[in-house]
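Take this structure, written in structure tokens, and hold onto it; I'll ask about it next.
The values are calculated or read from the model by the stated rules, or taken from the named source; none is laboratory data. Computed from a prediction, not measured in an experiment: that's the story for all the values here. All Cβ positions, even for glycine, are placed from backbone atoms using ideal geometry, and neighbour counts span all protein chains on display.
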Amino acid sequence: MKRRTVIAGLPFLLAGHPLAARAQPQARVVALWPFGENDAEGQALSAGFNAALLDRGQREVLIQHRWGGADGARTRALAVEAIRSQPQVIFTYLNAQLRAVTALSHTIPLVFVGASDPAGFGLIENLSRPGGHVTGFTLYESSLGGKWLAALQEAVPAIKWATLLLTPSAATRDGHLYAEAFLGTAAALSIEPAVVMADKAADIDPIVADLAQCGNAGLIVAPGTLSEAQGDRIVAMTAAARIPTLFAIRRFARRGGLMSYGPNPDELVRRAAVYVDRILRGADPGSLPIQAPTKYDLIINLNAARSLGYDISSALLAQADEVVE
Amino acid sequence: MTASPPLDAPGPSARKPFRLPLSGKFAVAFVGLVSLVLLINGAVDLSLNFQEAKLNAITVQREKAQGAAERVEAFVSEIGNQIGWTTRAEWRRVPPDQQRYDFIRLMRQAPAITEAAYIDPSGREQLRVSRLEPDVIASGKDFSTSPRFTEALKDKVWFGPVYFRRGSEPYMTVAVAHAGRDPGVTVAEVNLKLIWDVVSSIRNGETGYAFVTTSTGRLIAHPDLSLVLRDTDLSGLPEVAAALPGNGSAQDYEITTGLGGGLVLAAHAAIPRVGWIVFVQLPLREAMDPLIESVIQTVALMGLGVLLASVAGTFLARRMVVPIRQLQDGAERFGAGDLSERIVIRTGDEIETLAHRFNLMAGRIQESYETLEAKVEERTRDLNRSLDDLQKAQSRLVQSEKLASLGQLTAGIAHEIKNPLNFVNNFASLSKELVDELIEVLKQASLDPNTRADAEETAELLKSNLDRVVQHGKRADSIVKNMLLHSRTGSGEHRPVDVNALVEESLNLAYHGARAAKPTFNVTLERDFDPAAGVADIFPQEITRVLLNLMSNGFYATEKKVEGGELGYAPTLAVATRDRGDRIEIRVRDNGTGIPDSVKAKMFDPFFTTKPAGEGTGLGLSLSHDILVKQHGGSVDVATEPGEFTEFTITLPRAGAATAESATAGSPANDPKSP
């Protein structure tokens, strides 16, 4: 009877809402790291990434961490595998990982931390509105090349020679990041500059050996996958050779390097996780601007300074965000 | 009357005006009323809900705007406070190293400041500390005409336009003039991304968002960074225009066209310190979502209400109409004449009263109807009785007339027959004597014996024949006498007579007469005389004749039965008298053969007899009837059962003869032609 149907239908009308939310397939994120699987830094950063996503309420998302280390071939294989598995979002840490993924043709949203000249390589249209499926956070700016040298010079005023150790990550379309600012500052400070490129671990040893012979020489280690992997070795080598060294990567100052000036990668990874969350919730990666860190920390290792025989001025110590004793 | 409808009429229904039944009217009224109430209620509800939803949304928006404004203000305040460290009047006399240290400290305290610079009172840059570049001391760059210097000196604080470093980092230059006379200026490059973070993180419903403009309507922060990058001027946007200072609008919310088109509910809050305005906007549709839900609910409830009202109305109307239908049916039954049934309605209202009245009315009608019937019945009975009486009188009249005319006829005939009969009788007697004389003569004459014998024999035969002629002549004479008697009434005189004595005398006479005629005759006589019978004025001779006639008939009947040879039969004749007031009743009952029905009908007719020829004249009962009815004004009835009994009942008025005589005076029977 019609009347009965109408009456039976009324509760649903009154309820007003559909009874069940639409079922969603489980979201999946693949994170590509430049660390070995058991690397402490990698573990800390990935844990931060997971925690940030959890903070944003992404309880169901499946996060698959892939550990490629500094091995380019392995990183490329992992990138291929990641794209084949068609996750909702791919996360990359550092430029080599980003380039390994973007080298393959696909449209999976990609959030990076660490990229050199993404606009210059055509990964994005512009930094404020990437326009494609790639967005993320840069770690360093090219002007830091001068800042690093100035900081090293302030710590070791006697320095006469300085070498900027670059990795392939620093390569841009028309040269190298940091190099220009480095050279300009060196000229202003009357320091003899040298810019060297290390493609592989073995390239580092002769550079350190050269500097050891100079005396009054300092080393600046630019960021990159190779630096991440070889940082500890460089710390040991420079300590042995008594070369004051400034790392762009913060943690090597804590691990025995003289000093470091760079961003807090943990914070950036967390902010990148926020981007991942927004993309998972439907945001268009093309409309999320590429962001840069607002803060760089100066870390000074007094132990290293002491063992090298340098006395760090109190003015510099006052500037330091962190002093390792 | 079944008149066929006119041919041009389309039908009875077409001409009949539309009639809504009572239940329909009631249901319509009920449902209409409920619907009206529901509609009014719904309308009031909706308007209240709309106001409430609007107020709620506005409150929420306002709170969000104020919250956002507080956060932005806190951000700006922090920067202002931090810069304030370096704007003391004596700061320019501080050594450069200390100045640098102060800037480094400033930047550590205020993460948004990426670069700080000191411009001396002459407009030259004395110190620049940056997070990204090597510090510069005494660069001597000339900013004396730059707005960051001139405007800051003028207004104390200057906020530069938003610009982008590296393409995606929104920055603003904040210049603060130092205190004291002839001041310098501290310039800070502030990363607005932190404001942007504040603004982007303001989630307002699904699609609502917040943005910040300067007091002139320039966009400072918006979730879409590209808008900020384009240095958008929003002073043309209605919601912004209304909020800009100097427009005098006290309202801090607006329903207007939003940035992307479409109606939005926008609230704003000012940040007085910097003169910025924070806007929080939500599409009106989303803000009014609860309202739409409530509209759906209200409409559904209204529908449900109307439905329930319809069901209830129909039900109640039917309930109400049922007793009316019963009343109607009852009235129809009464109308059809069925007054015995009663309308049973137990609704306890006016309809029950009405039904009660109907019942009363029906009861009254039934009562008067029954009385009427009884009366009609009574009258009919009376009429029937009168008709019977009339018919009896008529038959009596017919019988009397018949007898009267017969009497007249017989009187004439008897008179005419009597004379020749006398001749016959007389001459027969004479002839008989003559035959005797002849025989005597013959005796004397000598004749041959045979001839004598023959002659004597013939004479004897003649004599016997003459005897027979005489005998039958006498009988004829008796018949004629009776016929004459029949035609003549009032023979003798009437006088008061003791009825019992008369009856006793008649009985004795009859008994002995019968015994005389037939010596073997035997019968038991039963007398039952009422001493109160008394005296009646009658013609004693006539009545005696009647009684004798009846009694001799009774004897004859018992004799017949005796001849039938029934065993143990005791012939009985019972005679009784009864006083019946002004009447006397005489009953003569025998237990003889009884009278068959065929005879009973004709037994009072003249010349009707069952007796063999010669034994009865057929005038006895006819005559008796004549005497009793015509002469005395009485009656005679007979009750009989063939083979069992016959009972004649005579009723005589005590003063019967006198009245009857006057009544029959002038009758033709009273005026017979005398012989």
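Of all residues in region A:185-204, how many are basic (Lys, Arg) and either within 15 Å of A:Thr163 (Cβ to Cβ) or modelled with pLDDT of 90 or more (or both)?
Going residue by residue through region A:185-204, those that are basic (Lys, Arg) are A:200.
Next cut, either within 15 Å of A:Thr163 (Cβ to Cβ) or modelled with pLDDT of 90 or more (or both) only: none.
Residues in region A:185-204 being basic (Lys, Arg) and either within 15 Å of A:Thr163 (Cβ to Cβ) or modelled with pLDDT of 90 or more (or both): 0 in total.
Sort through B:Arg364, B:Arg396, B:Arg385 and tell me the only one that's under 42 Å from the mean Cα position of the chain (by Cα) and of a type in the set (Lys, Arg). Quick ask: steps written out before the conclusion?
Values: B:Arg396 fails: under 42 Å from the mean Cα position of the chain (by Cα); B:Arg385 fails: under 42 Å from the mean Cα position of the chain (by Cα).
Step by step, each of B:Arg364, B:Arg396, B:Arg385 is checked, and only B:Arg364 is under 42 Å from the mean Cα position of the chain (by Cα) and of a type in the set (Lys, Arg).
Check B:Phe315 against each of (1) touching a Phe, Trp or Tyr at 6+ places or on another chain (Cβ under 8 Å); (2) farther than 30 Å from B:Phe159 by Cβ; (3) aromatic (Phe, Trp, Tyr) and name the one condition it does not meet.
(1)
OK, next. Of the residues A:Phe49, A:Phe121, only one is surrounded by 20 or more Cβ atoms within 10 Å (Cβ to Cβ), outside the structural domain of A:Arg250 (by TED's automatic domain parsing) and among the aromatic types (Phe, Trp, Tyr); which?
Details: A:Phe121 fails: surrounded by 20 or more Cβ atoms within 10 Å (Cβ to Cβ).
Selected residue: A:Phe49, the only one of A:Phe49, A:Phe121 that is surrounded by 20 or more Cβ atoms within 10 Å (Cβ to Cβ), outside the structural domain of A:Arg250 (by TED's automatic domain parsing) and among the aromatic types (Phe, Trp, Tyr).
Among the numbered criteria (1) buried (at least 17 other Cβ atoms within 10 Å of the Cβ); (2) within 14 Å of chain A (Cβ to nearest Cβ); (3) closer than 20 Å to B:Glu78 by Cβ, which single criterion is violated by B:Ala117?
(2)
In region A:116-126, is there at least one residue being at pLDDT below 90 and away from chain B (no Cβ under 14 Å)?
The answer is yes, given that some residue of region A:116-126 is at pLDDT below 90 and away from chain B (no Cβ under 14 Å).
Quickly run through region A:138-154 and pick out the residues that are part of a helix (DSSP H, G or I) and either touching a Leu at 6+ places or on another chain (Cβ under 8 Å) or among the charged types (D, E, K, R) (or both).
Residues satisfying the conditions are A:Leu144, A:Gly145, A:Lys147, A:Trp148, A:Leu149, A:Ala150, A:Ala151, A:Leu152, A:Gln153, A:Glu154.
Taking the criterion of being assigned by TED's automatic domain parsing to the domain that holds B:Gly592, part of a helix (DSSP H, G or I) and out of contact with any Pro (no Cβ under 9 Å at 6 or more places or on another chain), would at least one residue in region B:516-524 satisfy it?
Our first condition is that a residue be assigned by TED's automatic domain parsing to the domain that holds B:Gly592; within region B:516-524, this holds for B:516-524.
If we keep only those that are part of a helix (DSSP H, G or I) too, we end up with B:516-517.
Remaining after also requiring out of contact with any Pro (no Cβ under 9 Å at 6 or more places or on another chain): B:516-517.
Yes, region B:516-524 has at least one match.
Could you list, in sequence order, all residues of region B:340-362 that are assigned to a helix (DSSP H, G or I) and touching a Lys or Arg at 6+ places or on another chain (Cβ under 8 Å)?
First pass over region B:340-362, keeping only residues assigned to a helix (DSSP H, G or I): B:350-362.
If the condition is that a residue be assigned to a helix (DSSP H, G or I) and touching a Lys or Arg at 6+ places or on another chain (Cβ under 8 Å), then B:Glu352, B:Asn359, B:Ala362 are the ones that fit.
For the structure I just gave you, tell me whether A:Thr238 is within 20 Å of the chain's Cα centre (by Cα) and over 15 Å from A:Lys147 (Cα atoms).
Details: within 20 Å of the chain's Cα centre (by Cα): no; over 15 Å from A:Lys147 (Cα atoms): yes.
It is false that A:Thr238 is within 20 Å of the chain's Cα centre (by Cα) and over 15 Å from A:Lys147 (Cα atoms).
Identify all residues within region B:229-275 that are modelled with pLDDT under 80, part of a strand (DSSP E or B) and surrounded by fewer than 20 Cβ atoms within 10 Å (Cβ to Cβ); write none if there are none.
B:Ile255, B:Thr256, B:Thr257
Taking B:Ser122 as the residue in question, decide whether it is away from chain A (no Cβ under 12 Å), surrounded by fewer than 19 Cβ atoms within 10 Å (Cβ to Cβ) and in contact (Cβ under 8 Å) with a residue 12 or more places away in the chain.
When the stated conditions are applied, B:Ser122 passes them.
Quick check on B:Asp102: is it within 13 Å of chain A (Cβ to nearest Cβ), at negative phi and in contact (Cβ under 8 Å) with a residue 24 or more places away in the chain? Outline the logic, then answer.
On the way: within 13 Å of chain A (Cβ to nearest Cβ): yes; at negative phi: yes; in contact (Cβ under 8 Å) with a residue 24 or more places away in the chain: no.
When the stated conditions are applied, B:Asp102 does not pass them.
Quick one: which of B:Gly568, B:Gly618, B:Gly633 is at pLDDT below 85 and in contact with a Phe, Trp or Tyr (Cβ under 6 Å, 6 or more places away or on another chain)?
Working: B:Gly568 fails: in contact with a Phe, Trp or Tyr (Cβ under 6 Å, 6 or more places away or on another chain); B:Gly633 fails: in contact with a Phe, Trp or Tyr (Cβ under 6 Å, 6 or more places away or on another chain).
Result of the check over B:Gly568, B:Gly618, B:Gly633: B:Gly618.
Scan region B:287-329 for residues that are crowded, with 16+ Cβ neighbours inside 10 Å and away from chain A (no Cβ under 13 Å) and report the count.
So the count comes out to 11.
Looking at (1) buried (at least 24 other Cβ atoms within 10 Å of the Cβ); (2) part of a loop (DSSP other than H, G, I, E, B); (3) more than 14 Å from chain B (Cβ to nearest Cβ), which is the one condition that is false for A:Val111?
Every listed condition holds for A:Val111 apart from (2).
Give the residues of region A:286-307 that are more than 14 Å from every other protein chain (Cβ to nearest Cβ), out of contact with any Lys or Arg (no Cβ under 8 Å at 6 or more places or on another chain) and in contact (Cβ under 8 Å) with a residue 24 or more places away in the chain, sorted by residue number.
Narrowing region A:286-307 to residues more than 14 Å from every other protein chain (Cβ to nearest Cβ): A:301-307.
Subset that is out of contact with any Lys or Arg (no Cβ under 8 Å at 6 or more places or on another chain): A:302-307.
Passing the criteria: A:Asn303, A:Ala304, A:Ala305, A:Ser307.
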